[in-house]
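Working notes, beginning with the structure itself.
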Amino acid sequence: MDSAEAQKQIARLRQQIARHDELYYRRAQPEITDFDYDALKQELAALEQRFPELASAESVTQRVGDDRTEGFQVYRHRERMMSLDNTYSEEELREFHARLVRDLERDELSFVVEPKIDGLAVSVTYEKGKLVRAVTRGNGVEGDDITANALTIKTLPRTLAEADGVPIPDVIEIRGEVFLTTAEFQRINKQREEAGEPLYANPRNLAAGTIKQLDSREVAQRKLEIVLYGRGYVEPVSALPETQTQFHGWVKAWGLPTVEKFWTVTGADAVWDAIQKLDTLRDSFAYATDGAVVKLDSVSLQRRAGSTSKSPRWAMAYKFAPDRAETRLNAITIQVGRTGVLTPVAELEPVLLAGTTVARATLHNRDEIARKDIRVGDYVLVEKAGEIIPAVVSVNTERRTPECVPYVFPERCPQCATPVVQLEGEVAVRCPNFECPVQVRRRVQHFASKACVDIEGLGEAMVDVLVEKGWVRSVPDIYRLRREDLLSLGKNVGKSSDNLLAAIEASKRAELWRFIHGLGVPHVGAAAAKDLARKFRSLEALATAKYEDFIQGKESVISGIGETMALAILTYFNEPRNRATVNELIAAGIEPVVPAAGSALAGKTFVLTGTLPTLTRDDASARIEAAGGKVSGSVSKKTHYVVAGAEAGSKLEKAKTLGVPVIDEAQLLEMLRG
């Protein structure tokens, strides 16, 4: 390869890496696996080393990825927050050890080996033992202030616990990862599957996307977790631990969540042995672990080893090679969701992967199939993305036969034969037919679910029957069901039919926000539905709202509902069929419950902090909202009351600083009684 050819290749790789950085760090929507991304960076690094005259002043291979996004205030780390060099090679790991032995002039070195948790890097700051701030890594120098969202993490203490012999520094930045457990990830995906919505690819992307939500109440609905294992700035310096092992002990003594297993070992052989032990244990962890982090144990030796502009020289991540298997793609099937999105699924020759038999894998969307040139009959490489959801990574073109022709994505919906559309700016291909049977089933299931109006007995199987019979073609048809029709479904169905009709009748008096959520307005979750219910107080008023009801100037009229959501709501209700749905629901006799306007809590915003004597956080929130109040996740000048319980944290301190009234549970209950 000559210099001119190398220059073109380097430019191409830099462009590719920059694009994948944007997708991974800012959008939490990567298109390629970590393994393939690392391969691109290694290829670029090798070329820049071979042609140093073509290397940039600051190579992308030596930059910390930037996760800062619009909508968040940035905060400067007191000590630079770096990323780690990583390797998939035992040989490179041993070279890392040999370099430290040589540079530090030591015969033996002790290391700590920790699980590498696949999450979003964050830094939490405690001052005088009180949690004051949580910040993402950002570009390493400054990151997004996500404090309000971090405070929704129940395992993150607001105050450091005191323990004998363990100092509490005046100021300390503690580094770690925000993540989702495998169980919580599967729970969320199950809900989406039932609602006919596309599944999330892996826990890391979902955790990263969740912590960057602008509404902390939406964040609270997903049970994020955090693990803390590293340190940044510490004041005074005398409060620094002597070793990483000791720091783990301090973190645990302070009551912070930390890694459940680590090894303190001496020498390269012992490091490698610990990594092998971790590999055998990691399937039993509650979270995805994609490697091991190896750190010098001695803090003083860490200082001597120093760092580059991107990474500490005293630490390295060893990443486990992804568990992949090659198998034949027998067919591509198309699933249609509640909103009409067509999602392609790979039907595979069953293959053993990561201990389970895999017969299906996600293909994401039409563009992904074209980009990877995936064809029916191909032999494909399958990987469990985030060790959870199987995905097709690539095609073995060497085994491709002439019968494997390019896949033609359906031009018509496979369920109703309506021509599909692709909206401007969207990757998704949709069926625009509002009466498509699959979409009808999904919409009715969503409306009747516990998260919406909660109609007991109207589950997936019953909805399938009602739609197939033609008795339910839209959500309002639920309220037109006749007893004689239900009785025709078989013998001994009288009692179940009466129970279902009673549940349908009772749902007419569900809270207004449940109806709003049940309509399936894009971007409107349960928390936003509650805000809309408080503001508009009827479906008619919401359906006829104007832009000015949401945005005045550049300011949001309704807290938590910005321009994107406002435009989505207006677009939804501008559709005649959606307006017709609202009118038909009203004609069917629904009487949504709206908190009395004269309630003492109407229009009041509350923030809950600490542990209340008798009420759980959910119970207190439900009572406040039922009485017309609003529960927010963060304290501001617009907060009317902070309800403080035991071990109240930084929210209580901020309330005092801003002069926001602070009440206890007894005072809240008195207000609720009116």
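What the table below lists for this structure:
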quantity	calculated
Counted residues, segment 281-301 - those being surrounded by fewer than 19 Cβ atoms within 10 Å (Cβ to Cβ), over 18 Å from Asp118 (Cβ atoms) and among the polar types (S, T, N, Q)	1
Which listed residue is surrounded by fewer than 19 Cβ atoms within 10 Å (Cβ to Cβ) and closer than 19 Å to Asp215 by Cβ, from Thr614, Thr564, Thr609, Thr571	Thr564
Residue pairs meeting the criteria (Cβ under 8 Å; at least 6 apart or on separate chains; first more than 17 Å from Asp454 (Cβ to Cβ), in segment 523-546; second aromatic (Phe, Trp, Tyr))	Leu532/Trp513; Leu539/Phe515; Leu542/Phe536; Leu542/Phe573; Ala543/Phe573; Thr544/Phe573; Ala545/Phe536; Ala545/Phe573
Residue check for Ala315: under 30 Å from Ala346 (Cα atoms) and surrounded by 21 or more Cβ atoms within 10 Å (Cβ to Cβ)	no
Exclusive hit being under 28 Å from the mean Cα position of the chain (by Cα) and either surrounded by fewer than 16 Cβ atoms within 10 Å (Cβ to Cβ) or in contact (Cβ under 8 Å) with a residue 12 or more places away in the chain (or both), set Ala361, Ala417	Ala361
Residues of segment 632-645 satisfying the condition of being surrounded by fewer than 17 Cβ atoms within 10 Å (Cβ to Cβ) and either modelled with pLDDT of 85 or more or closer than 15 Å to Arg534 by Cβ (or both)	Lys638, His640
Residues (surrounded by 16 or more Cβ atoms within 10 Å (Cβ to Cβ) and either at pLDDT below 80 or out of contact with any Ser or Thr (no Cβ under 9 Å at 6 or more places or on another chain) (or both)) located in segment 618-631	Ala620, Ser621, Arg623, Ile624, Glu625, Gly628
Selection from segment 336-358 of residues that are within 23 Å of the chain's Cα centre (by Cα), in contact (Cβ under 8 Å) with a residue 40 or more places away in the chain and surrounded by fewer than 20 Cβ atoms within 10 Å (Cβ to Cβ)	Thr339
Segment 1-31, residues that are at pLDDT 70 or above and aliphatic (A, V, I, L, M)	Met1, Ala4, Ala6, Ile10, Ala11, Leu13, Ile17, Ala18, Leu23
All positions within segment 131-152 that are closer than 15 Å to Ala121 by Cβ, outside any strand (DSSP E or B) and hydrophobic (A, V, I, L, M, F, W, C)	Val141, Ile146, Ala150
Number of positions in segment 337-357 that are more than 19 Å from Arg375 (Cβ to Cβ), touching a Pro at 6+ places or on another chain (Cβ under 7 Å) and not in a loop (DSSP other than H, G, I, E, B)	3
Options Val392, Val427, Val440; residue that is under 31 Å from the mean Cα position of the chain (by Cα) and either assigned to a strand (DSSP E or B) or among the hydroxyl-bearing types (Ser, Thr, Tyr) (or both)	Val392
Any hit, segment 372-387, residues being farther than 22 Å from Lys116 by Cα, in contact with a strand residue (DSSP E or B) (Cβ under 9 Å, 6 or more places away or on another chain) and part of a helix (DSSP H, G or I)	yes
Counted residues, segment 621-674 - those being without any contact (Cβ under 8 Å) to a residue 60 or more places away in the chain and basic (Lys, Arg)	5
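Here's the yes/no breakdown for (1) outside any helix (DSSP H, G or I); (2) among the β-branched types (Val, Ile, Thr):
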{"position": "Val444", "(1), (2)": "no, yes"}
{"position": "Asp464", "(1), (2)": "no, no"}
{"position": "Ser497", "(1), (2)": "no, no"}
{"position": "His517", "(1), (2)": "no, no"}
{"position": "Val524", "(1), (2)": "yes, yes"}
{"position": "Asp531", "(1), (2)": "no, no"}
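The values are calculated or read from the model by the stated rules, or taken from the named source; none is laboratory data. No experiment lies behind these values; they were computed from the predicted model shown. Counting neighbours? That spans all protein chains shown, and the Cβs are built from the backbone with ideal geometry, glycine included.
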